[in-house]
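Some notes on the structure that comes next.
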Amino acid sequence: MENQTQLQNNQINTYEHYQHSVGVMIMHLEWCTKYRYKMFRKEEYRNLITACIRRAASLHQIVIIEINVQPEHIHCVVSVSFSFSASKVLQLL
């Protein structure tokens, strides 16, 4: 747990340098299942959705800082470049 906290602090404190901007864009995203059905009660389904989100993030250069799967919703904290909007990140993941 301590290593994860250090990684998060290092991720937040490092700025990315682009051609015309400097900074970090970190988003807290949340998905809910339709009608709040408890789709992710089983550990197998939680692992599957986590793996799918991590794969989609790696394909689009999105860094997942933290991900948490609850029975009826998912929380995800990600770091992205300034070229992505919040709606585009949700669409890609």
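The values are calculated or read from the model by the stated rules, or taken from the named source; none is laboratory data. As the structure is a computational prediction, the values presented were derived from the model and not from experiment. Reconstructed Cβ throughout: ideal geometry from the backbone, glycine too, with neighbour counts over all protein chains shown. For accessibility, only protein heavy atoms count, side chains too; no ligands or nucleic acids. Shrake-Rupley method; radii C 1.70, N 1.55, O 1.52, S 1.80 Å.
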Excluding ligands and nucleic acids, what accessible area in Å² is computed for Arg54 using a 1.4 Å probe, to the nearest 10? 120
Order of exposure, largest accessible area first, which applies to Phe82, Phe40 with probe 1.4 Å: Phe82, Phe40
Restricting to DSSP H runs of at least four residues, report the calculated mean residue ellipticity at 222 nm for the chain, -39500 (n - 2.57) per run over all residues, nearest 500 deg cm²/dmol. -12000 deg cm²/dmol
Can you list the residues, at least 5 places off or on another chain, whose amide H is less than 5 Å from the amide H of Met25, using H built in the peptide plane? Val80
The correct ranking of Lys88, Lys42 by accessible area at 1.4 Å, largest first, is Lys42, Lys88
For a quick check of understanding: with a 1.4 angstrom probe and all protein chains in place, what accessible area in square angstrom does Glu66 have, to the nearest ten? 80
Run the 1.4 Å probe and let me know the accessible area of Leu59, rounded to the nearest 10 Å². 100
Considering only protein heavy atoms and a probe of 1.4 Å, how much of the accessible area of the chain is carbon and sulfur, as a whole percent? 53
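Mind putting a number on the dipole of the chain about its Cα centre? Charges go on the C-beta only, +1 for Lys and Arg and -1 for Asp and Glu, and I need it in Debye to the nearest 20.
Value, rounded to 20: 440 debye.
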Please compute the per residue accessible area over the chain with all protein chains in place, 1.4 Å probe, rounded to a whole number of Å². 73
What is the helix-to-structure angle for 43-59, meaning the angle in degrees between its Cα long axis and the longest Cα principal axis of the chain, kept from 0 to 90 and rounded to the nearest 10? 30
P(r), alpha carbons of the chain - 10 Å bins starting at zero, rounded %: 14, 43, 32, 9, 1
